[in-house]
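A short write-up of the structure that comes next.
The values are calculated or read from the model by the stated rules, or taken from the named source; none is laboratory data. Quick caveat, the model's predicted, so the values are computed rather than measured. Here the Cβ positions follow ideal geometry from the backbone for every residue, glycine too, while neighbour counts run over all protein chains shown.
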Amino acid sequence: MSGEFAVFLIGMRINRPLAVRKWWPVASAMPKMLRELYKNPELGLLHHEFWFSRNTILIQYWRSSEALLAYAKSRDSAHLPAWQAFNRAIGTDGSVGIWHETYLAKPGTYENIYINMPAFGLGKAGQLVPANHGLQSAEGRINSHTP
């Protein structure tokens, strides 16, 4: 990746598995948002990875924190109506938990390596390069970003 970018982790936890009418709308909201984001690459989503179980996790790579926040607050996006629906239908009743974490990455503050792997995660959001010429170690990869 060149320059700064944002990593956004978001997920939900099904606290009452039999309360399908509570957690299904929450679970089905994210695919709609992802379709919207991939249809409109100018919004800033670069790539995502997803795992589903009782606790779900979706890792998103964004062009910038500004793009992520603009999408979250936009009245024209699928996010704001989904967030409002969650607050109306569930709020703090405990049936479904949601969470997110945001990390801002700058050159020299991250490194990644993929061995015997297809493009995945940050490697799929950015560009894969061979780990040679000083990139064989975590220290070398981190320092390669330092000016």
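Overview of values
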read-out: Search result, residues across region 57-72 that are in contact with a helix residue (DSSP H, G or I) (Cβ under 7 Å, 6 or more places away or on another chain) and of a type outside the set (Gly, Ala, Ser); value: LEU58, TYR61, TRP62, TYR71
read-out: Of all residues making up region 71-92, the number that are assigned to a loop (DSSP other than H, G, I, E, B), more than 30 Å from GLY3 (Cβ to Cβ) and touching a residue at least 12 places away in the same chain (Cβ under 8 Å); value: 1
read-out: Test set (1) of a type outside the set (Asp, Glu); (2) in contact (Cβ under 8 Å) with a residue 40 or more places away in the chain; (3) over 17 Å from HIS100 (Cβ atoms); (4) not in a helix (DSSP H, G or I) - PRO25 fails condition number; value: (4)
read-out: Residue match in region 5-16 (condition: over 15 Å from the mean Cα position of the chain (by Cα), outside any strand (DSSP E or B) and among the hydrophobic types (A, V, I, L, M, F, W, C)); value: no
read-out: Close pairs from region 54-70: first free of Cβ contacts under 8 Å to residues at least 24 places away in the same chain and farther than 15 Å from MET33 by Cβ, partner crowded, with 19+ Cβ neighbours inside 10 Å and small (Gly, Ala, Ser), Cβ under 9 Å, at least 6 apart; value: GLU66/ALA6; GLU66/GLY44
read-out: Where ARG88 falls short, out of the listed (1) of a type in the set (D, E, K, R); (2) over 17 Å from the mean Cα position of the chain (by Cα); (3) surrounded by 14 or more Cβ atoms within 10 Å (Cβ to Cβ); value: (3)
read-out: Selection from region 20-42 of residues that are under 17 Å from PHE52 (Cα atoms) and either exposed (fewer than 11 other Cβ atoms within 10 Å of the Cβ) or not basic (Lys, Arg) (or both); value: VAL20, TRP23, TRP24, PRO25, VAL26, ALA27, SER28, ALA29, MET30, PRO31, MET33, LEU34
read-out: Residues within region 108-147 that are surrounded by 13 or more Cβ atoms within 10 Å (Cβ to Cβ), modelled with pLDDT under 70 and part of a loop (DSSP other than H, G, I, E, B), tallied; value: 2
